[in-house]
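The values are calculated or read from the model by the stated rules, or taken from the named source; none is laboratory data. Nothing here was measured: the structure is a model prediction, and the numbers come from that model. Quick reminder, even Gly has a Cβ in these numbers, built from the backbone with ideal geometry, and neighbours come from all protein chains shown.
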Amino acid sequence: MGAEIAFRLNLVHGRCVGVRIPSEVDEKVLAELVPEERSFLSTLASGRHPSWVAGRLALREAFRDLGIEPGPILVTRRGAPALPCDLVGSISHKRTLAVGLAARRENGARIGVDLETRPPAFASAQEAQVHQDVRARVLTPDELARLERVPEEHRRRTVILHFSLKEALYKAIDPLVGRHVAFHEASMSPLPDGSASVVLALSENDGCFAVTAFWTEVEDHFLTTARVLRT
Ligand SMILES: CC(C)(COP(=O)(O)OP(=O)(O)OC[C@H]1O[C@@H](n2cnc3c(N)ncnc32)[C@H](O)[C@@H]1OP(=O)(O)O)[C@@H](O)C(=O)NCCC(=O)NCCS
């Protein structure tokens, strides 16, 4: 393979493969894409090429681990990976790492994955300000109240973990509701065992959903997944 596999994991919501994002997309890396993906890639700004390619390779590799050849993984109208209707999958990337989460579609459920760099416990004054902004934008009043009970040195990580869980949830629920879901429309409680309880407070009449979410840590990142089923 042209890009390096970082890890392969069996997670509750599917098979997850991590791929190191290549510094440049050379012929060897390009050869890993199918022709339709290479054509699509040429329409994207060159700065997006390494992460887009690594995400496709990670997701395809995760399907291959399940014994599935998914064909070209293009893009839905809303920006998600486009897949055959019996499959579900999700992609996330940070600076050096891309992940793909793959599963067979069961009962119409959708899945989402997110990767966030785990921040150090203590921050510079500038980082602390950014962190305050993220906290205010991402957390609901309930979550802010629970955060007050978290020791100071764990708070930055707790906020980023909430952020990541919400991004994973968004990727799973967006294909079902077809609209932007805001951060305050879900409240998360990550638990030490790697699960998270989720309470949805959707602002529109989207129907009822069962949500599960999990988190783990890999290579200095939070890796989170969500699964959403219309009930
Ligand atoms: C779409 C969004 C979730 C992407 O997350 P991000 O942290 O910017 O970037 P990530 O690397 O984690 O994920 C990017 C991938 O998400 C996927 N994606 C983009 N739009 C998507 C959508 N509407 N539905 C599902 N997946 C989507 C794509 O695969 C994309 O990678 P690619 O373009 O290389 O294929 C984010 O930009 C966003 O809009 N967030 C606000 C909404 C939100 O999180 N609400 C919380 C609800 S509780």
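Below, the figures for the structure above:
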{"quantity": "Out of R20, R38, sole residue that is more than 23 Å from R227 (Cβ to Cβ), more than 14 Å from the ligand (Cβ to nearest atom) and without any contact (Cβ under 8 Å) to a residue 40 or more places away in the chain", "calculated": "R38"}
{"quantity": "Options A54, A58: the member that is surrounded by 15 or more Cβ atoms within 10 Å (Cβ to Cβ), of a type in the set (A, V, I, L, M, F, W, C), touching a His at 6+ places or on another chain (Cβ under 8 Å) and in a helix (DSSP H, G or I)", "calculated": "A54"}
{"quantity": "Enumeration of residues in region 175-187 that are within 20 Å of L229 (Cβ to Cβ) and near the ligand (Cβ under 8 Å from one of its atoms)", "calculated": "P175, V181, E185, A186"}
{"quantity": "Region 75-89 - residue that is small (G, A, S) and within 6 Å of the ligand (Cβ to nearest atom) and, of those, nearest to V218 (Cα to Cα)", "calculated": "A80"}
{"quantity": "Yes/no for H162 being within 23 Å of R230 (Cα to Cα), more than 8 Å from the ligand (Cβ to nearest atom), part of a helix (DSSP H, G or I) and not small (G, A, S)", "calculated": "yes"}
{"quantity": "Total residues in region 90-115, condition polar (S, T, N, Q), part of a loop (DSSP other than H, G, I, E, B) and within 10 Å of the ligand (Cβ to nearest atom)", "calculated": "0"}
{"quantity": "Condition check for V199: surrounded by 17 or more Cβ atoms within 10 Å (Cβ to Cβ) and outside the structural domain of S90 (by TED's automatic domain parsing)", "calculated": "no"}
{"quantity": "Residue match in region 53-62 (condition: within 11 Å of the ligand (Cβ to nearest atom), more than 18 Å from R8 (Cβ to Cβ) and in contact (Cβ under 8 Å) with a residue 12 or more places away in the chain)", "calculated": "yes"}
{"quantity": "Candidates A136, A125 - the one that is modelled with pLDDT under 95, within 30 Å of C208 (Cβ to Cβ) and away from the ligand (no atom under 14 Å from the Cβ)", "calculated": "A136"}
{"quantity": "S46 vs. criteria surrounded by fewer than 22 Cβ atoms within 10 Å (Cβ to Cβ) and either hydroxyl-bearing (S, T, Y) or not assigned by TED's automatic domain parsing to the domain that holds R157 (or both)", "calculated": "yes"}
{"quantity": "Residue satisfying condition, being under 20 Å from the mean Cα position of the chain (by Cα), surrounded by 14 or more Cβ atoms within 10 Å (Cβ to Cβ) and within 15 Å of the ligand (Cβ to nearest atom), within set E167, E143", "calculated": "E167"}
{"quantity": "Qualifying residues in region 109-140 (those that are touching a strand residue (DSSP E or B) at 6+ places or on another chain (Cβ under 6 Å) and of a type in the set (G, A, S)) - the one surrounded by the most Cβ atoms within 10 Å (Cβ to Cβ)", "calculated": "G112"}
